[in-house]
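Okay, so here's the structure we're looking at.
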There are 2 protein chains.
Amino acid sequence: MQIALAQLNFHVGNFEQNTQKIIQAIEEAKAAGADLIVFPELAVTAYPPLDFLEFDDFIERCYIAIEKIAASCTGIAAIVGCPSRNPVIEGKNLYNSAFFLNDGNIQSVIHKALLPTYDIFDEYRYFEPGRKFECVSFKGQKIALTICEDLWNMEEDPMYIHSPMEDLIKENPSLIINIAASPFDYQHAQKRKAILLRNVKQNQLPLLYVNHVGAQTEIIFDGGSLFYNASGELIHEGPYFEEKIIYIDTKNPVLSTENKKEKYELIYQALTLGIKDYFSKMGFSKAILGLSGGVDSALVTVLACDVLGSENVLPVMMPSAFSSSHSVSDSEELCNNLGIKPEKIEINPTFETLLHSLKPLFGDRPFDVTEENLQARIRGNMLMALSNKFGHILLNTSNKSELAVGYGTLYGDMCGGLSVIGDLYKTEVYELCNYINRNKEIIPKNIITKAPSAELRPGQKDTDSLPPYDVLDKILYHYIELRKGPDRIIEDGFDKQLVHRILKMVNTNEYKRRQLAPVLRISAKAFGFGRRMPVAAKYLS
Amino acid sequence: MQIALAQLNFHVGNFEQNTQKIIQAIEEAKAAGADLIVFPELAVTAYPPLDFLEFDDFIERCYIAIEKIAASCTGIAAIVGCPSRNPVIEGKNLYNSAFFLNDGNIQSVIHKALLPTYDIFDEYRYFEPGRKFECVSFKGQKIALTICEDLWNMEEDPMYIHSPMEDLIKENPSLIINIAASPFDYQHAQKRKAILLRNVKQNQLPLLYVNHVGAQTEIIFDGGSLFYNASGELIHEGPYFEEKIIYIDTKNPVLSTENKKEKYELIYQALTLGIKDYFSKMGFSKAILGLSGGVDSALVTVLACDVLGSENVLPVMMPSAFSSSHSVSDSEELCNNLGIKPEKIEINPTFETLLHSLKPLFGDRPFDVTEENLQARIRGNMLMALSNKFGHILLNTSNKSELAVGYGTLYGDMCGGLSVIGDLYKTEVYELCNYINRNKEIIPKNIITKAPSAELRPGQKDTDSLPPYDVLDKILYHYIELRKGPDRIIEDGFDKQLVHRILKMVNTNEYKRRQLAPVLRISAKAFGFGRRMPVAAKYLS
């Protein structure tokens, strides 16, 4: 059978564009001689549609789209992910479904049984789990059609008490198809392949897997659609971070090469796709950001230029009395390397005026964190003013380490529409800079090697209030990604007092992260939507 | 049987304090001659513990607490809500459980079957549903012990395919007990009573219901614990918004009066409890806020003074060249009524200095929304500076109408640690002001009657860019609370163009609400945690 896997980039709620893209792919696949074209999970709405699913109007538009798509399925069949209404009164009102379209009609509708409800996934919020499992018949073959998580019930710690394949295999299918919305993290492709391979081996069936590609606000889909033969050989892996219609001849498959990319190449591609799609899906083209002379803003500047073009990126230097001379010169060197001209605005006059206005209330109280934050917030205000006046979107440059411990100013350097590197620990920021510089020095060496500083008071260094980042980041990783408590982290060899101090900082700064921009997710546990923490709590704090 | 209902205020993650409070209540109930004391759902952790549940360390502390509480149960039994570990490998790792403690031990553990996963609820994120149902035996009686949602499967639109009471009733229990975490909204108590009464009538059994009281960041629990006799008479209703141990003699019950409170009395009490618990649970005592002369900041000032005491509230007037003279005089009158002295800071010097610094980039471009936002952000910066210097928490004064349509400045008037009235439409803000003024004019009449204005440009009125609030709020209510699409709202008699314009404003301003402080929830659909919308989407926009 000739099967096309449509690894495409959809746009949440954009029915017109998504429907058009699906129909166009169907026509293209038909022209290429495919018998069947397979689209990802919830392709019609894009993933995740979130609470739009609670609007009847939204579901009505899904059905209109599916009818239109079905009508285009003549001479070719299609599998299309789309929500469907639960016809009985019991249970939730919707299913997360795969529509099998053939001969201009809806031939059958399969419902997802295992509904991921963890991290960024909220599927049981909207969907009733499917409980009846039947293969789809097509051209004399039986297809075990499953949706993403349906194949993810892991033997060693099954999250669900039943797996749909247990029933489907009884019908002797000749093929497994899985339509997915499986978001990127830098370890996810390996995990995904291991799990799919296990399904192949267990059932001794070939498996076709199609994934979304593209970013939906903070969630990035990497594609990497797959075809395994019945012996568990990986015959084809689709590209990462690119749209592609992949043609598979299930009888006479052509072996392709597996994607081999190292961590920082993956992260680089994920972040640039994240920026690209945020701008294109929001309808913007120009970015602005504050250039401090530090490594975080330098990295975000490079990423933004690579995506949007140097001519669409406006870096702004806003030195204060506490800025070192190299902050400006390093930034200028970076801009020179990128072929962009930064703007420079002095914040001191505003800082002085603000202090003067506040003087009657402040009296002779000493300089403290207040004055540090004031500077950061003046910069935020200036950047937002430029954003408002010229239509640039402000990119946030906070990293995961500082967001974790609250080492940043709310409404100051925490401003921005999108947090580009908020899921990279500081040590990962350095690694990504080295990756960018792998062929040629784009980010000046001095920016990478100098001691990090917020430069908000004389001679300030990050290490004045934080442990070295290589220690800090390991403790944070144990707590945030691995969800270890203090005792287990201390057992791993970290200083007891330090561990308690860091965990307390993480928990007591939740209030700041609640007001953070969406963070491009590149790890298995990013701040934001997938990590839900109480604010007014008292635990390890 | 003598049963005590412990309607108490717990603190998320504060095991020490929660455990102590539970043990103290057990001792008090024992001294009062109770046979059994009943605590709310997840009393040990407080509700909702959110992703803390994913930490083994956190669960370990739950078990330590339960063991300690069990040890104190001699001569009295207790039902205590607490997470428990799922002993089998299949399914999620935890149950949401009710521990039945007696004779110093854990006698049995009942698991919640129906896991609310909608609005602010994420229970299937953490818990495996209970599937085995057995009554608890105590003093020769069989108790049908259920947890909150277990009784909420509604006949007319059941969200779950099975109800635990269908099984439990077969054992002929003599009593239903329901331990709950049922958050307040201004219509919820009526809904709750209707549903519990239906359970009573269906099963012809008396029902004891105990709820949390107190606020956990944005979620407010109102208490209102209940006792119905088997004929469906409401014998006792616990107070709203107050901690109380309620004693019920199930054999010879004493009839108490039902709570009768109108909408704005409820909202007033909910909001003041919300402020009180936010401050006490975060460890703060003083609030600051900007006083614009408008109705929103006037209302929040009154609420804050009522909770924290006038001496702990610092209102700051920050007039600009566009502020009307009555803005300052009205604010001063309000402060006079409240016995507080506001501070006054001019923003013009800072505004002029900022404009001067930005002039080389702005050139001769005309005054636009940039300059409006600049003023709002200077105010935000000043308030945060005072907050930093003196330790006041900044209260946000945005209302639901303006948050809905994006009529506010991110990092400006949207600053603040807690959004006090962000779940009240503008028309509800007026109603609550009238409630506050019911006996005596606290909020000056002129603040309530004058036309609302942001005063960010000469002669500005809200109605320059928005329809009148009575029309706007109705359209918003249809869209946000009732989740109607545009066609259905237009069918209800609203102008077609206006409906499309407003819905587009709501959807395209999601990016602002993503960075909003927690909003005290008083309606069935508040912005924040319980309303999850994509940012980079294109639907009705």
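The values are calculated or read from the model by the stated rules, or taken from the named source; none is laboratory data. The structure displayed is predicted, hence computed values, not measured ones. Because the Cβ atoms are built from the backbone with ideal geometry, glycine has one as well, and the counts that use them run over all protein chains shown.
For the reader, a short list of remarks on this structure follows.
- The stretch B:397-416, subset over 23 Å from A:Gly391 (Cβ atoms) and at the interface with chain A (Cβ under 10 Å from one of its Cβ atoms), residue farthest from the chain's Cα centre (by Cα): B:Cys415
- Scanning the stretch B:480-510 for residues being touching a residue at least 40 places away in the same chain (Cβ under 8 Å) and in contact with a Ser or Thr (Cβ under 7 Å, 6 or more places away or on another chain) gives a total of 2.
- Listed by first and then second residue, the pairs with beta-carbon distance under 8 Å, at least 6 apart or on different chains, first residue in the stretch B:349-371 and basic (Lys, Arg), second in a helix (DSSP H, G or I), are B:Arg365/A:Lys389.
- Any hit, the stretch A:254-264, residues being hydroxyl-bearing (Ser, Thr, Tyr) and part of a helix (DSSP H, G or I): yes
- The stretch B:482-495 - residue that is within 13 Å of B:Leu540 (Cβ to Cβ) and charged (D, E, K, R) and, of those, nearest to the other protein chains (Cβ to nearest Cβ): B:Arg483
- Residues that are touching a residue at least 40 places away in the same chain (Cβ under 8 Å) and either surrounded by fewer than 18 Cβ atoms within 10 Å (Cβ to Cβ) or assigned to a helix (DSSP H, G or I) (or both) within the stretch A:291-319 comprise A:Val295, A:Asp296, A:Ser297, A:Ala298, A:Leu299, A:Val300, A:Val302, A:Leu303, A:Ala304, listed in sequence order.
- Where B:Glu428 falls short, out of the listed (1) touching a strand residue (DSSP E or B) at 6+ places or on another chain (Cβ under 8 Å); (2) surrounded by 22 or more Cβ atoms within 10 Å (Cβ to Cβ): (1)
- Restricted to the stretch B:241-272, and to residues there that are farther than 30 Å from B:Glu402 by Cβ and without any contact (Cβ under 8 Å) to a residue 24 or more places away in the chain, the residue that is surrounded by the most Cβ atoms within 10 Å (Cβ to Cβ) is B:Ser256.
- Residue check, B:Leu383 without any contact (Cβ under 8 Å) to a residue 60 or more places away in the chain and either basic (Lys, Arg) or in a helix (DSSP H, G or I) (or both): no
- Within the stretch B:489-521, the residues that satisfy the criterion of being in contact with a strand residue (DSSP E or B) (Cβ under 7 Å, 6 or more places away or on another chain) and either over 25 Å from A:Phe284 (Cα atoms) or modelled with pLDDT under 95 (or both) are B:Ala517, B:Pro518, B:Val519, B:Leu520, B:Arg521.
- For the stretch B:99-153, the set of residues classified as assigned to a strand (DSSP E or B) and among the charged types (D, E, K, R) consists of B:Lys142 only.
- Note on the stretch A:482-541: among residues that are β-branched (Val, Ile, Thr) and closer than 27 Å to A:Tyr264 by Cα, the one that is surrounded by the fewest Cβ atoms within 10 Å (Cβ to Cβ) is A:Val506.
- Selected residue [assigned to a strand (DSSP E or B), over 24 Å from A:Ala526 (Cβ atoms) and in the same structural domain as A:Ala46 (by TED's automatic domain parsing)] from A:Asn199, A:Asn178: A:Asn178
- Which listed residue is in contact (Cβ under 8 Å) with a residue 12 or more places away in the chain, within 27 Å of A:Pro129 (Cβ to Cβ) and assigned by TED's automatic domain parsing to the domain that holds B:Gln204, from B:Leu101, B:Leu42: B:Leu42
- Filter result (more than 8 Å from chain B (Cβ to nearest Cβ) and either at positive phi or among the hydroxyl-bearing types (Ser, Thr, Tyr) (or both)) within the stretch A:512-539: A:Ser523, A:Gly528
- Of the candidates A:Ile220, A:Ile288, A:Ile275, the single residue that is in the same structural domain as A:Ala46 (by TED's automatic domain parsing), surrounded by 18 or more Cβ atoms within 10 Å (Cβ to Cβ) and not in a loop (DSSP other than H, G, I, E, B) is A:Ile220.
- Test: B:Met282 is modelled with pLDDT of 95 or more, within 14 Å of chain A (Cβ to nearest Cβ) and under 23 Å from B:Thr449 (Cα atoms): no
- Number of residues in the stretch B:1-16 that are surrounded by fewer than 22 Cβ atoms within 10 Å (Cβ to Cβ) and at the interface with chain A (Cβ under 9 Å from one of its Cβ atoms) equals 3.
Conditions tested, residue by residue: (1) more than 14 Å from chain B (Cβ to nearest Cβ); (2) crowded, with 17+ Cβ neighbours inside 10 Å; (3) of a type in the set (Ser, Thr, Tyr).
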| residue | (1), (2), (3) |
| --- | --- |
| A:Ile443 | yes, yes, no |
| A:Asn446 | yes, no, no |
| A:Thr449 | yes, no, yes |
| A:Lys461 | yes, no, no |
| A:Tyr469 | yes, yes, yes |
| A:Tyr477 | yes, yes, yes |
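- Some residue of the stretch B:62-70 being buried (at least 20 other Cβ atoms within 10 Å of the Cβ), under 23 Å from the mean Cα position of the chain (by Cα) and farther than 15 Å from B:Lys244 by Cα: no
- Selection count, the stretch A:92-125, where residues are hydroxyl-bearing (Ser, Thr, Tyr), surrounded by fewer than 24 Cβ atoms within 10 Å (Cβ to Cβ) and away from chain B (no Cβ under 14 Å): 1
- Restricting attention to the stretch B:487-525, the residues that are assigned to a loop (DSSP other than H, G, I, E, B) and out of contact with any Phe, Trp or Tyr (no Cβ under 7 Å at 6 or more places or on another chain) total 13.
- Filter pass, B:Glu343 being under 24 Å from B:Lys450 (Cβ atoms), of a type in the set (Asp, Glu) and at the interface with chain A (Cβ under 7 Å from one of its Cβ atoms): yes
For (1) buried (at least 24 other Cβ atoms within 10 Å of the Cβ); (2) under 29 Å from B:Ile248 (Cα atoms), each residue gets a yes or a no:
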site	(1), (2)
B:Thr19	no, yes
B:Leu36	yes, yes
B:Pro40	yes, yes
B:Gly75	no, yes
B:Arg85	no, no
B:Glu90	no, no
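- Every condition in (1) in the same structural domain as B:Asn373 (by TED's automatic domain parsing); (2) crowded, with 16+ Cβ neighbours inside 10 Å is met by B:Asn336 except one, and the failing one is (2).
- Figure legend. Inter-residue proximity from the stretch A:217-231: first residues under 15 Å from A:Asn259 (Cβ atoms), second residues hydroxyl-bearing (Ser, Thr, Tyr), beta-carbon distance below 6 Å, spacing 6+ or different chains. Indicated pairs: A:Asp222/A:Tyr240; A:Gly223/A:Tyr240; A:Gly224/A:Tyr240; A:Ser225/A:Tyr209; A:Leu226/A:Tyr209.
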